[in-house]
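What follows is a single structure, written as structure tokens, with notes after it.
The values are calculated or read from the model by the stated rules, or taken from the named source; none is laboratory data. Bear in mind that the values here come from a model prediction, so they are computed numbers and not experimental data. Here the Cβ is made from the backbone with ideal geometry for all residues, glycine too, and neighbour counts use every protein chain on show. SASA here: full protein model, heavy atoms, side chains in, ligands and nucleic acids out. Shrake-Rupley method; radii C 1.70, N 1.55, O 1.52, S 1.80 Å.
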Amino acid sequence: AKGRDHSAKQAFVEFIRKRYPSIADFNKAWEGSVTSFDALLDMKEMGGVTNAKIVEDKEDFTRFIIDTYFSVTTAAVKRADPNHMTLGCRVASGTTPVADFVWESAGQYCDVVSFNHYGRIDLQTGEAYSLVKGERIPFTALLSSFYAKAKKPLMVTEWSFPSYDSGLPCLHGAGMRVETQTERALCYEI
């Protein structure tokens, strides 16, 4: 919905222009009737059709954005400070197809992949876990899946277990809520 001067929109149109030899090829794949690649810059939305080719193009563009981000930022850090490791960008841990692209790209460019994770603790069993699509996944399994995608060391850089007895309202923000400071300490230990 951005204007024609928006850099992300220009990048998307350039990506599409390189992918399709002609606007007719684009229209066939996207089931559209756009008059030219330049006309894409003035569009506010891309119709209601979704097919396998559109999904593939959107995923590939998303991957392109993510790779561009990590390649540009990592190169800039390495130029300015070549003797230190790059620790990534503190990814929000996730298990979506887009998150998979982030893990893979971060692993390709960074020395360590840092991420934020707000998991859960079963205080009865001592198990650390996350809920993924309603399924309880042990934290160690989640870490293994992240490592399998990144293929680099991982660093958890943010987590939280607010407790209701802290004397402060802890009704906002991330993290599993617990009743007492003792439970909070146990969660951190686990």
| field | Charge-dipole axis of the chain as Lys and Arg at +1 and Asp and Glu at -1 on Cβ define it, positive-most pick from Ile65, Tyr118, Ala106 | value | Ile65
| said: Please report the spacing between the Cα centers of the stretch 32-56 and the stretch 159-190 in Å, no decimals. | reply: 47
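With a ≥ b ≥ c the root eigenvalues of the C-alpha gyration tensor of the stretch 32-75, is it rounded (a/c under 1.5), prolate (a/b larger than b/c) or oblate?
Values: a/c = 3.44, a/b = 1.80, b/c = 1.91.
Oblate, since a/c reaches 1.5 and b/c is not below a/b.
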| Which loop-located chymotrypsin sites (Phe, Trp or Tyr not before Pro) does the stretch 95-190 contain, where loop means any DSSP state but H, G, I, E or B and the Cβ has at most 14 other Cβ atoms within 10 Å? | none
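Keeping every protein chain present and rolling a 1.4 Å probe, give me the accessible area per residue for the chain in Å². Before the final figure, lay out the partial values.
Working: 11510 Å² over 190 residues.
About 61 Å² of surface per residue is accessible.
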| request: Could you tell me the number of lysine pairs in the chain with C-alpha atoms less than 25 Å from each other, where the two lysines are 8 or more residues apart or belong to different chains? | output: 28
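Considering only the chain, what is the antiparallel percent among its DSSP beta bridges, to the nearest 5?
Details: 7 of 14 bridges.
Once the DSSP bridges in the chain are tallied, antiparallel ones form about 50 percent.
What are the trypsin sites (Lys or Arg not before Pro) within the stretch 33-69 that DSSP puts in a loop, where the Cβ has at most 11 other Cβ atoms within 10 Å? The partial results should precede the final answer.
Values: sites: Lys44, Lys53, Lys58, Arg63; in loops: Lys44.
Sparse-neighbourhood loop trypsin sites (Lys or Arg not before Pro): Lys44.
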| said: Could you work out what % of the accessible surface of the stretch 1-76 is carbon and sulfur, using a 1.4 angstrom probe and leaving DNA, RNA and ligands out of the count? | reply: 57
| said: Defining a contact as two alpha carbons under 8 Å apart and six or more residues distant in sequence, what relative contact order in percent does the chain show? | reply: 14
| Taking the alpha-carbon centroid of each part, what is the distance from the stretch 91-154 to the stretch 10-31 in angstrom? | 35
| Do any GluC sites (Glu not before Pro) in the stretch 37-80 lie in a DSSP loop with no more than 11 other beta carbon atoms within 10 Å, and if so, which? | Glu45
| said: Tell me the mean residue ellipticity at 222 nm calculated for the chain from its helices only (DSSP H runs of n ≥ 4, each -39500 (n - 2.57), averaged over every residue, nearest 500). | reply: -14500 deg cm²/dmol
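For the stretch 1-143, what class follows from the C-alpha gyration tensor (a ≥ b ≥ c being the square roots of its eigenvalues): rounded when a/c is under 1.5, otherwise prolate if a/b is larger than b/c, else oblate? Intermediate values should be presented prior to the final figure.
Details: a/c = 3.17, a/b = 1.60, b/c = 1.98.
Taking the square roots of the gyration eigenvalues as a ≥ b ≥ c, the stretch 1-143 is oblate.
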